1. Show the residue pairs meeting these rules: Cβ distance below 7 Å; 6+ apart or different chains; first residue within region 59-82 and modelled with pLDDT of 85 or more; second residue open to solvent by 60 Å² or more (accessible area, probe 1.4 Å) and assigned to a loop (DSSP other than H, G, I, E, B).
2. Looking at Ala112 and the list (1) of a type in the set (Gly, Ala, Ser); (2) under 23 Å from Ile6 (Cα atoms); (3) modelled with pLDDT of 80 or more; (4) more than 12 Å from the chain's Cα centre (by Cα), which single condition is not satisfied?
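The values are calculated or read from the model by the stated rules, or taken from the named source; none is laboratory data. Here the structure is a predicted model, which is why all the values come from computation and not from measurement. A quick note on method: Cβ atoms are made from the backbone with ideal geometry, for glycine too, and the neighbour counts reach across all protein chains shown. Note: areas computed on protein heavy atoms with side chains; ligands, DNA, RNA excluded. Shrake-Rupley method; radii C 1.70, N 1.55, O 1.52, S 1.80 Å.
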Amino acid sequence: MFLGTIVRFIVSALVLMFTGFLVPGFTLLGFWNALVAAVVIALLGWAIEALFGRHMSPYGRGLIGFVSGAVVLYLSQLFVPGMRVTLVGALLASLVIGIIDLFVPTEFRKRAERRVH
């Protein structure tokens, strides 16, 4: 389980770095910043889900998941050194991350993590 969590955060960091390359207004300085951002984003997403439920979280589908994902991305810059996100950058990054998630869905990642164990 621990190794699967590490793999998930590394994949998330790589996705964030790729998103930072593609999206104007979304900047990360390097891998370690992206890894810290992945942890912060996961914690903020967990907090939103705990407060408002799964449908309001960034992991929810649709417009609410998209907007809450953008809010989490925007807020995460407050906790991650070197991360800079504009409002438009957060919206575009949420869209790009959502598209990437279509090709590497969460269930596929969970199955891959189970194989690591």
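1. Gly82/Leu29
2. (3)
Conditions tested, residue by residue: (1) in a helix (DSSP H, G or I); (2) touching a Leu at 6+ places or on another chain (Cβ under 9 Å); (3) of a type in the set (S, T, N, Q); (4) surrounded by 15 or more Cβ atoms within 10 Å (Cβ to Cβ).
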| residue | (1), (2), (3), (4) |
| --- | --- |
| Val7 | yes, no, no, no |
| Val11 | yes, no, no, yes |
| Leu43 | yes, no, no, no |
| Ala47 | yes, no, no, no |
| Leu63 | yes, no, no, no |
| Ser68 | yes, no, yes, yes |
| Leu91 | yes, yes, no, yes |
